[in-house]
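J.: Sharing a structure, written as C-alpha cells. Questions coming.
The values are calculated or read from the model by the stated rules, or taken from the named source; none is laboratory data. This one's a predicted model, so the numbers in the text were calculated from it and none came from an experiment. We place every Cβ from the backbone using ideal geometry, glycine too, and count neighbours over all the protein chains shown.
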Amino acid sequence: MNTTTTQPGWAHHARDLAALLRDRGDLVSPEWVDAFAAVPRHVFVPTVFEQDAGGVWREWAAADDWERVYSTRTLVTALGDGGGYPEPVSSSTNPELMARMLETLDVRDGHRVLEIGTGTGYNAALMSHRLGDRNVYSVDVDDRLVELARDRLAEAGYTPTVVAVDGEDGLSEHGPYDRIIATCAVPSVPRAWADQLAPGGEVLVDLKLATSAGNLVHLHRTADGGLEGRFLPRMATFMLMRHLHATAAPQAAAAVVGARRERTTIAPAMPWQTEPVVWFLAQLHGLPEGVRHGAILDPGTRQPVAATLSAPDGSRARIDLANNTVTETGGTALWEPVEAAYARWVDAGRPGWDRLGVTVASDGVNRVWLDDPAIGHAWPWSRSGRH
Ligand SMILES: C[S@@+](CC[C@H](N)C(=O)[O-])C[C@H]1O[C@@H](n2cnc3c(N)ncnc32)[C@H](O)[C@@H]1O
C-alpha cells in the first residue's frame, strides 16, 4: 500500500462507518462489517462532485473531508454530457444501500460474483475483501473508469478481475457466477445474466421500466434456466445502464394533435414520488415507452403546482395539484394507465414492493406478479434493452 492508504486517520473513520451500518441493521454479518472497516473508501473517491444550491457542480477532494467520505452518502465521481448540461455518469453508491444489497446477496465463502457497474471500484474492493480477489469479477462500460478503478483497487491491495465491456452481455468467459449484482438500473433483465448463473445462482438488480418506475429485485435462477424473485421492500434508485453505441436520443416530442380533454382524477397526481408502486404498475397498464414525468413550478415559491406527462408522440397530460383536474391533449390518453393501475392497486390492498415479484422466463415471456408467481394476479411485460 502506498502513503495514501496508510495516512493516519482513515482507519477509524472506516471503522465508525462499519459500526454505524451494523448498529442501524444494514450490516448483520461480521464478515461484511470487517470489509467495511477495512476498505479505504477515500482511495476510490479522491475527487467528488456535488451540486451547490444554485445547481452548479463543484469539486472537492476526499483528503479535505474524510468525514464526508466515510458517511452514508452517494459520492458522484464522474460527470458526462446530459444534453448540454453536466450529468452524473458514475458514483460511489451510498454505503448504507451497498451494505443492504451485499447482505441481501447472501454470499458464502468460495462464491464467484460478477458486478455490473464497477464505477469507482469501492464495491469490488468490499467484495474482494470478503470473497478473495479471484472470486470477484466486475465490468463497466466506461474504459477510463475501469482503468482508474483497477489502479485504485491495486493501491488498496485488491486485484479482482475488472473488464471494460457492456455489462448487458455479462462476462461469459469467466462464468458461471453464483451471484450477479448490478449497480446500474436496467429496463429488462438481460438474458445473458440468467445464462451465466450457476445453478442456485442469484441476481440483484434495480429493474426500472421507466424513470422512477421500479426497484431492486432479488431473482433466483429457476430449474428451467429462468429467473424469479421479489422486489426489496425499500425503494432504491441507480443510474440507468448506458450503452456506447446507443441509438440516438429520442427526438423532441411531435407537435400536439387532438382535442383537449378535461376531467378530475382520484389517482395520486405524482405517483412517481408518492406511490412508486402505482407508477410502476402504470407501465404495465399500457403507458407507452418513453413517457416522461415532470412538474410545473410556481414561479414565486418554486413549489410544484401541476404534474405533467409527455409522450414521444406529442401527447400530454397535466394534473393540477390544487383540484386534481387532468387536462389531456394528443392521440394517447396518458393518464388512463395511471388510473387503471391505481384502481388495481387499491383493489389489491395497496401492496408495497415486497408483495410484487418478477418472473423472467427462459422462453422470453416475462411477468410481474402479486404475492405468488403461481396463483397471484400477473401482468405480462416487455421493455427493450439495447438489443
Ligand atoms: C452507481 S455507479 C457504480 C458504483 C460502483 N459499484 C462503486 O462501487 O463505485 C454505476 C456504474 O454503472 C456503469 N454502467 C452504466 N452502464 C453500464 C453498462 N452497460 N455496463 C456496465 N457498466 C455500466 C457506469 O459507468 C457507472 O460507473
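J.: Working only within segment 132-152, note down all residues that are surrounded by fewer than 20 Cβ atoms within 10 Å (Cβ to Cβ) and either within 16 Å of TYR122 (Cα to Cα) or touching a Lys or Arg at 6+ places or on another chain (Cβ under 9 Å) (or both).
T.: GLY132, ASP133, ARG134, ASP142, ARG144, GLU147, ASP151
J.: Suppose we filter GLU115, GLU155 for residues that are of a type outside the set (Gly, Ala, Ser) and crowded, with 23+ Cβ neighbours inside 10 Å; which single one remains?
T.: GLU115
J.: Quick one: is VAL89 surrounded by 20 or more Cβ atoms within 10 Å (Cβ to Cβ) and within 20 Å of ARG152 (Cα to Cα)?
T.: no
J.: For residues that are among the charged types (D, E, K, R) and out of contact with any strand residue (DSSP E or B) (no Cβ under 9 Å at 6 or more places or on another chain), scanning just segment 350-365, find the one that is modelled with the highest pLDDT.
T.: Looking at the filtered set, the residue picked out is ARG350.
J.: Restricting the first residue to segment 20-37 and requiring it to be assigned by TED's automatic domain parsing to the domain that holds ARG73 and in a loop (DSSP other than H, G, I, E, B), which pairs with a second residue that is at pLDDT 95 or above and of a type outside the set (D, E, K, R) meet a Cβ separation below 6 Å and a spacing of at least six or different chains?
T.: If the second residue must be at pLDDT 95 or above and of a type outside the set (D, E, K, R), the pairs left are ASP26/ALA99; LEU27/LEU21; LEU27/VAL33; LEU27/ALA99.
J.: Consider segment 165-182. How many of its residues are assigned to a strand (DSSP E or B) and either more than 18 Å from GLY229 (Cα to Cα) or near the ligand (Cβ under 10 Å from one of its atoms) (or both)?
T.: 2
J.: Quick one: how many residues across segment 119-132 are touching a strand residue (DSSP E or B) at 6+ places or on another chain (Cβ under 8 Å) and more than 8 Å from the ligand (Cβ to nearest atom)?
T.: So the count comes out to 3.
J.: Which residue pairs have Cβ atoms closer than 9 Å, lie 6 or more positions apart in sequence or on different chains, and pair a first residue in segment 68-80 that is on the phi < 0 side of the Ramachandran plot with a second residue that is more than 14 Å from the ligand (Cβ to nearest atom) and among the polar types (S, T, N, Q)?
T.: Sorted first by the residue in segment 68-80, then by its partner, the pairs are VAL76/GLN51.
J.: State whether the residues of segment 80-89 include one that is among the small types (Gly, Ala, Ser) and within 16 Å of the ligand (Cβ to nearest atom).
T.: The answer is yes; a qualifying residue exists.
J.: Then there's this: THR72 - would you say it is among the β-branched types (Val, Ile, Thr) and part of a loop (DSSP other than H, G, I, E, B)?
T.: Yes.
J.: How many residues, within segment 90-118, are on the phi > 0 side of the Ramachandran plot and either within 14 Å of the ligand (Cβ to nearest atom) or part of a helix (DSSP H, G or I) (or both)?
T.: Total meeting the criteria: 1.
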